[in-house]
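The values are calculated or read from the model by the stated rules, or taken from the named source; none is laboratory data. Note that the structure is a prediction, hence the values are computed from the model and not measured. Cβ atoms come from the backbone with ideal geometry, glycine included; neighbour counts cover every protein chain shown.
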Amino acid sequence: MKIISTLEALQQERVQLAKEQKSVGYVATMGFLHEGHQSLMKRSKAENDITVLSIFVNPLQFGAGEDFETYPRDAVRDQRIAEQEGVDIVFMPEAAAMYPGNSTIKLHVADRVDVLCGKSRPGHFDGVVTVLSKLFHLIQPNRAYFGLKDAQQVAVVQALVHDLNFPLEVVPVSTVREEDGLAKSSRNVYLSEQERQVAPAIYQALQKAKQSIQDGAKDPEKVASAVKEFINSQTSGRIDYVEILSYPALKPVKEIDARIIIAAAVYFDKARLIDNLVLEADGSIMDRF
């Protein structure tokens, strides 16, 4: 496994891979790797000759009052996990190398960000598409892998690739879950024992919605209301949102007759949990764009 920290060295490595006609899969992370990241690495290893993992805590993604300085970092542990997963190249640049001075060009996401978690994080996705544009140019992957736990980010990345004509495939990867269905997240450690027992009800509510669509339900308001009622009856959490939107456009729908996302965010005492299902019109799970 090669560890690369400079942009020039990465570009040189990519030239050599092109000469060898090697296919490249790419996994973008901010480090502190967990099982969700590992699932992306495994998928990339299975579908490409070379897997590149980037570890970069991107300052442009953090708004005022957010935790950039305290964001967890453990480079040694991350490198060990990457090596265990068979990653070929780990790219770990410094912020000064990625952003050497004030930018003349700024990217702005004009759509897909005024709903779900994007509503409360203005500018966040501008930072996401800026860093990914730079990384896509540097790494030139054939495929890039993103977890559907953050399905809004996947939708924004898909728009970035489409609008800027990046010659790569965005591969969405299913959410990694605990045995009881709770979506794996670093935030789960902040749940109390009682909260941890009831938190899987979020996924259970989404599953019930999936079943109702498979049984013929078409009214998004009724399906969303049922999700809210189940979460409220089974947990002590406070619902931030339950939304049913088209996917990946993330627009309101009057009828469930095409691909949709059912997404929920729930506040507990010290944690805010998110989860979603992306479904085809018949209620089956989406696995490819």
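When the residues of the stretch 106-123 are filtered to those that are under 21 Å from Val253 (Cβ atoms) and of a type in the set (Gly, Ala, Ser), which remaining residue is surrounded by the most Cβ atoms within 10 Å (Cβ to Cβ)?
Gly118
Wholly within the stretch 88-197, which helices (runs of 4 or more DSSP H) include no fewer than the required count, namely at least 1 residues that are at pLDDT 95 or above and more than 18 Å from Tyr247 (Cβ to Cβ)?
Because the criterion is at least 1 residues that are at pLDDT 95 or above and more than 18 Å from Tyr247 (Cβ to Cβ), the helices (runs of 4 or more DSSP H) in the stretch 88-197 that meet it are 95-98, 124-139.
Look at Gln140 and say whether it is of a type outside the set (Val, Ile, Thr), touching a residue at least 60 places away in the same chain (Cβ under 8 Å) and in contact with a Lys or Arg (Cβ under 6 Å, 6 or more places away or on another chain).
Taking the combined requirement at face value, the residue satisfies it.
Hey, does the stretch 234-253 have a residue that's assigned to a helix (DSSP H, G or I) and either out of contact with any helix residue (DSSP H, G or I) (no Cβ under 8 Å at 6 or more places or on another chain) or at pLDDT 95 or above (or both)?
yes
Residues are listed down the side, and each one gets a yes or a no for (1) within 27 Å of Arg73 (Cβ to Cβ); (2) among the hydroxyl-bearing types (Ser, Thr, Tyr); (3) under 17 Å from the mean Cα position of the chain (by Cα):
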position: Phe91; (1), (2), (3): yes, no, no
position: Lys106; (1), (2), (3): yes, no, no
position: Gly123; (1), (2), (3): yes, no, yes
position: Lys134; (1), (2), (3): yes, no, no
position: Tyr145; (1), (2), (3): yes, yes, yes
position: Asn165; (1), (2), (3): no, no, no
position: Val171; (1), (2), (3): yes, no, yes
position: Val176; (1), (2), (3): yes, no, yes
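Please count how many residues of the stretch 178-197 are in contact with a Ser or Thr (Cβ under 8 Å, 6 or more places away or on another chain) and closer than 22 Å to Gly147 by Cα.
So the count comes out to 2.
Given the condition within 23 Å of Val129 (Cα to Cα), of a type in the set (A, V, I, L, M, F, W, C) and either assigned to a helix (DSSP H, G or I) or at pLDDT 95 or above (or both), answer yes or no: does some residue in the stretch 59-78 qualify?
Yes, because at least one residue in the stretch 59-78 is within 23 Å of Val129 (Cα to Cα), of a type in the set (A, V, I, L, M, F, W, C) and either assigned to a helix (DSSP H, G or I) or at pLDDT 95 or above (or both).
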